[in-house]
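What follows is a short report on a single structure.
The values are calculated or read from the model by the stated rules, or taken from the named source; none is laboratory data. Here the structure is a predicted model, which means the values were calculated and not measured. Please note: Cβ atoms are built from the backbone with ideal geometry, for glycine as well, and neighbour counts cover all protein chains shown.
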Amino acid sequence: MQAITIPILSDYPMILTLLGLSVGGLLTLIVGSRSEKGARVLAALSLLGGLMLNVLLLLECGDSPVTHDFVWLGDTTNPIMTLGFLGDGLSAPVGVLIAGLGLFSVVYSFVYMENLRHPGLYYSLMVWFVAAMLGVVYATNLMQFFVFYELMLIPAFVLVYVYGVSEDPEQRSKNALQFWVWTAIGGMISLFGVFFLFGATGTMDIQTLYTTSMATNVAKFVGLMFLLGFGIKMGLVPLHVWAPPVYGEAPIPVLVLLSGAMTKTAAYGVIRIVIPIFRAVLADYSLGLMLISVVTMFYGAMLAIAQKDLKMMLAYSSISQLGYLMFGYSTMTVVGVNGAAFQIINHGILASLMFFCAGAIKMRTGTMEFDRLGGLAPKMPALATVFVLGGLALAGTPPMSAFPGEMMIFAGAAEVAMNGWAYVALMVVGVITTGLTAGYYLWAIRRTMYGQVPDELADVTDAPMTVLAITGVMAFFVVIIGIWPWLLWQYIQPVLSGILGGG
């Protein structure tokens, strides 16, 4: 699908994206020290340019991957390590997701982040956060992957620490430090896995590792190390303890990047590194991984039901939904893994859409507590429409975008169900959890959008046009991808079929 060919832009979209965002973030920091408006404009333009380049990359890689390799250590005939960038049907859609959420989060900040302290710092950190995440998905070798993987923690930590919602600086510091420690530990565990893998194979090139053999016991050990590291970043139960306090602390635009984008880099790492390299040996642990996934799905759903605050309900829902991703991976089937890849994009859009809606409700009502809300649909009809649509989509309602992904995930579970009653039981619990998801989203819709309007909300009006434009665009993609999933599937499926060895 080579639709567009623009010299330079078409040849180097990934390099130009990273350079543009790095320089754009620096200019945003400098200009922002004098003008908040200037910081806003530069951040938005930088991310808009990054999004356009990633869309161009997606169109370019339809026929064949776009790759760039540079020798970093050694010489050209015998390189020790290369610096490489890969754009294909898996990395490019995730890149579009991250860049798009970055742009939307920055534009959303224009109306949401009032009385912003150090605007240049805030907007530059948002840009650099996106740049680091894009570096993760472009990487072609493990060391490069983990350099960017750890770099993205720096802007994320500062954003939570400086701009967290807690008025108590000590509490804000505690939540930010907890985020740093847990996610840094996850990164270090995976980094040790990189060193073990290099010692066993002599290479860090991801594509080369797909066809490199190693001792079974070494492969099992290293594969489990990677899964542990990525599991912490994804927030799988019981490795999720950092997520609820940080999700509660982060302001909505930052939370969108944490939940909608950052956790997806870990999910991307599983599908780009762990499944293709260690799939054969980790099949022995499929049942245990499925159990962890189902526990995450069910535990997150039950705690979401128990929440009295919309933001925290969505936070636990996000944890639950990431369990679906891991459930698809843990089936080790082609259709299940493809469904999980589909859900990376889908959940990134839907979780962000719901957080944006929650922030809009907070802007207009001053609260996200269910007991203080109600009857908002007649007063906020446009926002209510996208809020209801997003809730139904996350519950797996056809014909919206979560339905095709969940269908493939459970189809993968059905393939392995013949291996024993335990697999059948886990699949049944997983399906039941989708009913719980529908229950707490419908209950949230009922408590916020319908019923008696509290007296103090009598004069509430609809969300700002900026918010409605952002959520409207996201809702459009939710419907389009649900009706015609091939729009996304045509890019993902060929790549996964190649690296998994199946159709």
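Output the residue which, of all residues in segment 35-82 that are β-branched (Val, Ile, Thr) and modelled with pLDDT under 90, is surrounded by the fewest Cβ atoms within 10 Å (Cβ to Cβ).
Going through segment 35-82, the residues β-branched (Val, Ile, Thr) turn out to be 41, 55, 66-67, 71, 76-77, 80, 82.
Then drop every residue that is not modelled with pLDDT under 90, which leaves 66-67, 71, 76-77, 80, 82.
Numbers: VAL66: 22, THR67: 15, VAL71: 15, THR76: 8, THR77: 6, ILE80: 11, THR82: 19.
Ranking the candidates gives THR77 first.
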request  = Could you tell me whether segment 85-93 includes any residue that is assigned by TED's automatic domain parsing to the domain that holds THR28, at pLDDT 85 or above, charged (D, E, K, R) and part of a loop (DSSP other than H, G, I, E, B)?
outcome  = yes
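Within segment 421-435, is even one residue in a helix (DSSP H, G or I), more than 31 Å from the chain's Cα centre (by Cα) and modelled with pLDDT under 90?
no
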message = Of everything in segment 141-179, what is crowded, with 21+ Cβ neighbours inside 10 Å, farther than 29 Å from GLU114 by Cβ and in contact (Cβ under 8 Å) with a residue 60 or more places away in the chain? Give them in sequence order.
response = ASN141, LEU142, GLN144, PHE145, TYR149
query = Can you tell me which residue in segment 462-503 is farthest from PRO93 (Cα to Cα), limited to those that are at pLDDT 90 or above and not in a helix (DSSP H, G or I)?
reply = ASP462
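On the basis of being touching a strand residue (DSSP E or B) at 6+ places or on another chain (Cβ under 8 Å) and not assigned by TED's automatic domain parsing to the domain that holds VAL106, does ILE185 make the cut? Walk me through it before giving the result.
Numbers: touching a strand residue (DSSP E or B) at 6+ places or on another chain (Cβ under 8 Å): no; not assigned by TED's automatic domain parsing to the domain that holds VAL106: yes.
When the stated conditions are applied, ILE185 does not pass them.
Go through segment 417-431 and report how many residues are under 18 Å from MET302 (Cβ atoms) and either touching a helix residue (DSSP H, G or I) at 6+ places or on another chain (Cβ under 6 Å) or touching a residue at least 40 places away in the same chain (Cβ under 8 Å) (or both).
Of segment 417-431, the ones under 18 Å from MET302 (Cβ atoms) are 425-426, 428-431.
From what is left, the residues that are either touching a helix residue (DSSP H, G or I) at 6+ places or on another chain (Cβ under 6 Å) or touching a residue at least 40 places away in the same chain (Cβ under 8 Å) (or both) are 426, 429-430.
Looking only at that region, the number is 3.
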ask   = Is it true that some residue in segment 162-174 is of a type in the set (Lys, Arg), within 29 Å of LYS311 (Cβ to Cβ) and out of contact with any helix residue (DSSP H, G or I) (no Cβ under 7 Å at 6 or more places or on another chain)?
value = yes
query = Quick check, is GLN321 farther than 20 Å from LEU496 by Cα, at pLDDT 90 or above and surrounded by 24 or more Cβ atoms within 10 Å (Cβ to Cβ)?
reply = yes
task = Taking THR385 as meeting all but one of (1) within 21 Å of ILE349 (Cα to Cα); (2) of a type outside the set (A, V, I, L, M, F, W, C); (3) buried (at least 21 other Cβ atoms within 10 Å of the Cβ), write down the number of the exception.
result = (3)
ask   = Out of segment 386-415, which residues are more than 17 Å from PRO485 (Cα to Cα) and among the acidic types (Asp, Glu)?
value = GLU415
remark   = Counted residues in segment 427-462 being closer than 21 Å to SER320 by Cα and among the hydrophobic types (A, V, I, L, M, F, W, C) come to 11
ask   = Pick from segment 115-140 the residues that are among the hydroxyl-bearing types (Ser, Thr, Tyr) and within 26 Å of LEU90 (Cα to Cα): which of them is surrounded by the fewest Cβ atoms within 10 Å (Cβ to Cβ)?
value = THR140
request  = Taking the options GLY482, GLY498, GLY472, name whichever one is touching a Ser or Thr at 6+ places or on another chain (Cβ under 6 Å) and at negative phi.
outcome  = GLY482
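With the condition being farther than 24 Å from MET312 by Cα and of a type outside the set (Ser, Thr, Tyr), I'd like the helices (runs of 4 or more DSSP H) fully within segment 111-192 carrying at least 2 qualifying residues.
On the way: elements: 119-138, 142-151, 153-163.
Counting at least 2 such residues, we get 119-138, 142-151.
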